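Student: Below you will find the structure I want to go over with you.
The values are calculated or read from the model by the stated rules, or taken from the named source; none is laboratory data. From a predicted model like this one, the values you see are computed outputs, not experimental measurements. FYI the Cβ positions are ideal-geometry reconstructions off the backbone, even for glycines, and counts take in every protein chain you see.
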Amino acid sequence: MQSGLEDVLSANLKIKKMSKEKVYIFDTTMRDGEQSPGASMSVEEKIQISRVFDEMGVDIIEAGFPISSPGDFEAVTAISKIVKNSVPCGLSRALKKDIDACHESLQYAKRFRIHTFISTSPVHMKHKLDMSKDQVLEAIKESVSYARKFTDDVEWSCEDGTRTDLDFMCKTIELAINCGASTINIPDTVGYSIPEEFAKTITHIKNSVPNIDKAIISAHCHNDLGLAVANALAGLSAGVRQIECTINGIGERAGNAALEEIVMAIKTRNDLMPYETGIKTELISKASKIVSNATGFPVQFNKAIVGKNAFAHESGIHQDGMLKNRETYEIMTPESVGVKKTSLVMGKHSGRHAFKDKLSDLGYADVTDDVIQNAFGKFKILADKKKHIYDEDIVALVDDSLIFDNKLNAINLKSLKVFAGTGEPQRAEMTLDVFGEIKSTVQTGDGPVDATFKCIKELYPHEMKLLLYQVHAVTEGTDAQATVSVKIEENNRTTVGQSADTDTLVASANAYLGALNKMLIKREKKAPSQQIKHQKVRGI
């Protein structure tokens, strides 16, 4: 008997541990987010965004402010007709005409919410509303009661709540709930609060408003001090169960709490925040891109969760750790937010381990260690010159290194200076290592490339014919690598040399020397053994 009781108690304990409190996600991207200067969205764009939000599992979609413009009214109406899972919502001031506009635009939805608000802080009541406390209380009573006639889902907000006298705020909240509000939103309208303070505000409300158990407490935090997400999560720990947020954190001034950061913080640190949101996080990246395209607001590269660099690693130490175990430097998987995979960004901080892994991804799994080391040396030199290293850059470097794998270069470029422009002949100053002997010359030519090639012919006289000289950019941008191809002929034998560099003339010289060295190998003429230096192909 005792054993059976213990089993029941154990099962109940497990159920209790498994059950997590629901946190409702209220998205205001298309209302508060659109209030960002320049972030206006068309009706079609809002419809597209709302479809993604509906699929993603957003609980409430604040589709707009219907009374504010015909476009907003049209958008809210259209969204109310198409959403299947989310609850569409419209914003209204504490005015009957605003509430009427909300109802008219939302009436096509099976369920809808009217969100009405009025300022409660001393500075807003005096300078914005020119109303007394009693007048504000009367406006709350009239507006919430009127909205309640159209729906049982009424949300009320005390605008500028974090600068409102707490006792007065509690009085307004109690009144709003008595009049039918089922959600009470506490806005940090100007991003003034800090986490500890915001949590204390929520705690005070829970302890001081007698009917607060009849409503869900919501947090709407702005990011003026960079604390929107921190404040919202602090509110969550104090009893908030709805968070108002936007994709990419867009919104007036410095923006709102970012939906993606709120949701992933709860998911990642579920040990400290044992809640669930119902958001399909795999669609977060898609939603971010759609909103960014619609608003024309690019997402900053280092933006948490959805930024280009959020799952990118360039530091050699970090890359090495990631290749051994991704948990060394990633607290969530990129796949969990809809990003295909981690990106090991190749740059000047990258190490040999990551470079070798990148070569394997690019199809060079079987190249020798000598080629890898050679290409890696060139890569580090290139990385100091370029901000962005593309896969094509690396391919060009490896191909260049493969040309003379396990062979010796008889002629190597030591230095090149080229003087070009108008008013005087183009001139090149070159120093070569020719079979171990250092030689220099200065030549003029019909253009900088002609002068460069004349230097080579002067320092190593030959009668080979130039058949092809071709240049193309490997990647885009003014700092793109140029890949140069040179084809030469001697006694019906041809060789091709290729080289890549951000300096087209350096690439040209090395490409010519590459073809020349190949021709020397074909001639089977090698430098005297005592002069041969056991060296790899020089870095470009």
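Student: Considering each of 220, 204 in turn, give the residue that is within 28 Å of residue 179 (Cα to Cα) and part of a helix (DSSP H, G or I).
Tutor: 204
Student: If a residue must be out of contact with any Asp or Glu (no Cβ under 6 Å at 6 or more places or on another chain) and in a helix (DSSP H, G or I), how many such residues does the stretch 22-52 contain?
Tutor: Residues flagged as out of contact with any Asp or Glu (no Cβ under 6 Å at 6 or more places or on another chain) and in a helix (DSSP H, G or I) within the stretch 22-52 amount to 11.
Student: What's the total number of residues in the stretch 281-298 that are in contact (Cβ under 8 Å) with a residue 40 or more places away in the chain and more than 15 Å from residue 49 (Cα to Cα)?
Tutor: Residues that pass the stated criteria total 2.
Student: Let me ask you something else. Looking only at strands (runs of 3 or more DSSP E) that lie completely in the stretch 414-509, which have at least 1 residues being among the aromatic types (Phe, Trp, Tyr), in contact with an Asp or Glu (Cβ under 9 Å, 6 or more places away or on another chain) and surrounded by 17 or more Cβ atoms within 10 Å (Cβ to Cβ)?
Tutor: none
Student: Taking residue 304 as the residue in question, decide whether it is surrounded by 14 or more Cβ atoms within 10 Å (Cβ to Cβ), of a type outside the set (Phe, Trp, Tyr) and in a helix (DSSP H, G or I).
Tutor: So residue 304 does not fit the description; no.
Quick grid of which residues meet (1) crowded, with 17+ Cβ neighbours inside 10 Å; (2) touching a helix residue (DSSP H, G or I) at 6+ places or on another chain (Cβ under 7 Å); (3) within 22 Å of residue 174 (Cα to Cα); (4) of a type outside the set (S, T, N, Q):
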| site | (1), (2), (3), (4) |
| --- | --- |
| 205 | yes, yes, yes, yes |
| 210 | no, yes, yes, yes |
| 216 | yes, no, yes, yes |
| 231 | yes, yes, no, no |
| 235 | yes, yes, yes, yes |
| 243 | yes, yes, yes, yes |
| 246 | yes, yes, no, no |
| 251 | yes, yes, no, yes |
| 263 | yes, yes, no, yes |
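Student: Looking at the stretch 80-96, can you tell me whether even one residue there is at pLDDT below 95, assigned by TED's automatic domain parsing to the domain that holds residue 117, among the small types (Gly, Ala, Ser) and farther than 17 Å from residue 109 by Cβ?
Tutor: There is no residue in the stretch 80-96 that is at pLDDT below 95, assigned by TED's automatic domain parsing to the domain that holds residue 117, among the small types (Gly, Ala, Ser) and farther than 17 Å from residue 109 by Cβ.
Student: Would you check if residue 86 is closer than 27 Å to residue 279 by Cβ and touching a helix residue (DSSP H, G or I) at 6+ places or on another chain (Cβ under 9 Å)?
Tutor: Yes; evaluated as a whole, the condition is true for this residue.
Student: What do you reckon, is residue 44 surrounded by fewer than 24 Cβ atoms within 10 Å (Cβ to Cβ) and either free of Cβ contacts under 8 Å to residues at least 24 places away in the same chain or not assigned by TED's automatic domain parsing to the domain that holds residue 276 (or both)?
Tutor: The answer is yes for residue 44.
Student: How many residues are in a helix (DSSP H, G or I), surrounded by 16 or more Cβ atoms within 10 Å (Cβ to Cβ) and of a type in the set (A, V, I, L, M) when one looks only at the stretch 106-125?
Tutor: 2
Student: While we're looking at this one, here's another question. Which is modelled with pLDDT of 80 or more and either at negative phi or surrounded by fewer than 18 Cβ atoms within 10 Å (Cβ to Cβ) (or both), of 49, 15?
Tutor: Only one candidate passes the filter, namely 49.
Student: Follow-up. Tell me, which residue of the stretch 80-105 that is of a type in the set (A, V, I, L, M), free of Cβ contacts under 8 Å to residues at least 40 places away in the same chain and outside any loop (DSSP other than H, G, I, E, B) is farthest from residue 26 (Cα to Cα)?
Tutor: Here the residue is 101.
Student: Further question: Could you grab me the full set of residues in the stretch 152-179 that are buried (at least 19 other Cβ atoms within 10 Å of the Cβ) and either of a type in the set (Gly, Ala, Ser) or in a loop (DSSP other than H, G, I, E, B) (or both)?
Tutor: Residues satisfying the conditions are 153, 157, 160, 161, 164, 176.
Student: Sort through 397, 432 and tell me the only one that's modelled with pLDDT of 80 or more and within 16 Å of residue 497 (Cβ to Cβ).
Tutor: 432
Student: Sticking with this structure for a sec: Going by what's in this entry, would residue 291 be described as crowded, with 20+ Cβ neighbours inside 10 Å, touching a strand residue (DSSP E or B) at 6+ places or on another chain (Cβ under 7 Å) and assigned by TED's automatic domain parsing to the domain that holds residue 160?
Tutor: In short, no.
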